1. Could you please find all residues in the range 173-217 being assigned to a loop (DSSP other than H, G, I, E, B), crowded, with 21+ Cβ neighbours inside 10 Å and hydrophobic (A, V, I, L, M, F, W, C)?
2. Out of the residues in the range 417-440 that are surrounded by fewer than 18 Cβ atoms within 10 Å (Cβ to Cβ) and not charged (D, E, K, R), state the one that is nearest to Lys53 (Cα to Cα).
3. Considering only residues that are in contact with a Phe, Trp or Tyr (Cβ under 9 Å, 6 or more places away or on another chain) and aromatic (Phe, Trp, Tyr), which ones fall in the range 404-422?
4. Can you pull out every residue in the range 347-365 that is surrounded by fewer than 16 Cβ atoms within 10 Å (Cβ to Cβ) and at pLDDT 95 or above?
5. Being in contact with a Phe, Trp or Tyr (Cβ under 6 Å, 6 or more places away or on another chain), part of a loop (DSSP other than H, G, I, E, B) and buried (at least 19 other Cβ atoms within 10 Å of the Cβ) is true for just one of Ile161, Ile170. Which residue is that?
6. Determine, yes or no, whether Phe234 is of a type in the set (Phe, Trp, Tyr), surrounded by 15 or more Cβ atoms within 10 Å (Cβ to Cβ) and over 21 Å from Leu124 (Cα atoms).
7. Could you please give the count of residues in the range 266-298 that are over 19 Å from Arg345 (Cα atoms), crowded, with 22+ Cβ neighbours inside 10 Å and either at pLDDT 95 or above or among the β-branched types (Val, Ile, Thr) (or both)?
8. Could you grab me the full set of residues in the range 129-145 that are of a type outside the set (Phe, Trp, Tyr), outside any loop (DSSP other than H, G, I, E, B) and buried (at least 19 other Cβ atoms within 10 Å of the Cβ)?
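The values are calculated or read from the model by the stated rules, or taken from the named source; none is laboratory data. Computed from a prediction, not measured in an experiment: that's the story for all the values here. A quick note on method: Cβ atoms are made from the backbone with ideal geometry, for glycine too, and the neighbour counts reach across all protein chains shown.
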Amino acid sequence: MMKTFTIKFLIFLLAFTFLLPCLQNPLTELKAQSPLPKQKSYQFINGQWFDGKGFRRRSFYSAGGVLTSKKTARIDETIDLKNGFVIPAFAEGHNHWLEPQRVDEYIQNYLRDGVFYVKDEGNLPYIVSQFISKLNRPTSVDFITALQGFTGSGGHPLEIIRQFQEFGVIPKEWTERDFDGKAVLIVDDAKDIPGRWKLLLAGKPDFVKVFLNDSEQFGMNKDNPKKTGINPKFLPEIVRLAHEARLYVSVHISTATDFHNAVVAGADEIAHLPFVDFDKKLGNEHFLDNEHFLISEADAKLAARHGVRVITTLSWLKADLGDDPQRAEEAKTQVIIPNLLMLKRHGVKLLIGSDQFRQTSLPEILLLSSFKVFTNPELLKIACETTPQAIFPKRKIGFLRDGYEASFLVLDGNPLTNFEQIKNIRLRFKQGYFIETPKE
């Protein structure tokens, strides 16, 4: 989850939260239970459709919210795409929707940027219950969440929970004892696991989140107000229970040791590249130099062999080091790019995720593009195919093929020759419905 905010940003966030009721536009607010309009059958002509390798000029039809290349018995409307470039919709592989009062704005922003699928990497049932009815509809964003994540006493993300209580998002009357269960699941002993596991399952999570944070330092900084996270020795049992319940495990990490501990414990997904907290010190003497963030070749090979997915969250480069260009460049060239190249070389599956709760994954995709690790076709496939399918593996999304959901974006230009074209979205179509956004 997010790092501790800077004081400046805390002040901004608090002020903006109180000003929000005055700034919201009721005309753009989405109604949770508004009935869907009658679904039409469409013919789409003169489009350049992405086939995973390039763009082909062809026609498609949408009937019952499903794509087909065969002419349908009924065509209600023919849409001329005017040589637009058609791609599957984008996905957000890591965020936290922690502001229920802003969810209408979140939805509009994601739809505007062509991001139809969102994975919430940890949240409170109390918060999610306030907006879940607005999601998972053809004209909204599709959403899954881990709900409460596992951590240790005093560990990340409890500092975030306390901040959001100060903002009024979480009830003021909740005590630290209430946080354990309602906000996170604290495990300090193996005997804590069964009860916390039962509590998590009662909320019906879509997957399981575990917080490792600087696990090589676990138990060494007892006086540090921001402690590490869960004891890594408990992770294998949580993984076992999750797999038994047919849920996958996504692990928050900060360092290469966290990456190693997550992979050897059998985790299915790593929620960050190991560079978050690149600028911080632990304790009074131990400084995390570059080597502590570099994934070893052995761990990359093991992750590939076990099919472990890794979420990017590169936007923390600007969030953490935006005021220190030299340190940011060091992080990019000495840690981030070497790790990306290592994972790519061994075939580890990458997912796009920003972990920036007031930002969609579109800036994350563009930032990743600027590193020149992946070709434009490779990155487009990660953004449009791999990440959506990882979030909703049982659904036919991520490809423009017969029998797949009729969900796509139409761009003004070819992103394979100019990747910046992914910002120029001319048309949005989701499960058989046109999506209109306030800027249109």
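1. First pass over the range 173-217, keeping only residues assigned to a loop (DSSP other than H, G, I, E, B): 173-175, 183, 187-189, 203-207, 212-214.
Then keep just the ones that are crowded, with 21+ Cβ neighbours inside 10 Å; that gives 183, 187, 205, 212-214.
If the condition is that a residue be assigned to a loop (DSSP other than H, G, I, E, B), crowded, with 21+ Cβ neighbours inside 10 Å and hydrophobic (A, V, I, L, M, F, W, C), then Ala183, Val187, Leu212 are the ones that fit.
2. Residues of the range 417-440 surrounded by fewer than 18 Cβ atoms within 10 Å (Cβ to Cβ): 417-418, 420-421, 423-424, 426, 434, 436-440.
After this cut, where a residue has to be not charged (D, E, K, R) as well, the list is 417-418, 421, 424, 434, 437-438.
Working: Thr417: 13, Asn418: 15, Gln421: 17, Asn424: 20, Phe434: 26, Thr437: 29, Pro438: 33 Å.
If we take residues in the range 417-440 being surrounded by fewer than 18 Cβ atoms within 10 Å (Cβ to Cβ) and not charged (D, E, K, R), then Thr417 is nearest to Lys53 (Cα to Cα).
3. If we filter the range 404-422 for residues that are in contact with a Phe, Trp or Tyr (Cβ under 9 Å, 6 or more places away or on another chain), which is where we start, we get 406-416, 421-422.
Within the range 404-422, Phe408 is the sole residue that qualifies.
4. Taking the range 347-365 as the starting set, the residues that turn out to be surrounded by fewer than 16 Cβ atoms within 10 Å (Cβ to Cβ) are 347, 358.
Result: Gly347, single match.
5. Numbers: Ile161 fails: part of a loop (DSSP other than H, G, I, E, B).
Selected residue: Ile170, the only one of Ile161, Ile170 that is in contact with a Phe, Trp or Tyr (Cβ under 6 Å, 6 or more places away or on another chain), part of a loop (DSSP other than H, G, I, E, B) and buried (at least 19 other Cβ atoms within 10 Å of the Cβ).
6. Numbers: of a type in the set (Phe, Trp, Tyr): yes; surrounded by 15 or more Cβ atoms within 10 Å (Cβ to Cβ): yes; over 21 Å from Leu124 (Cα atoms): yes.
Yes; evaluated as a whole, the condition is true for this residue.
7. Residues meeting the conditions: 3.
8. Going through the range 129-145, the residues of a type outside the set (Phe, Trp, Tyr) turn out to be 129-130, 132-142, 144-145.
Those still in the list that are outside any loop (DSSP other than H, G, I, E, B) too: 132-134, 142, 144-145.
Matches in the range 129-145: Lys134, Asp142, Thr145.
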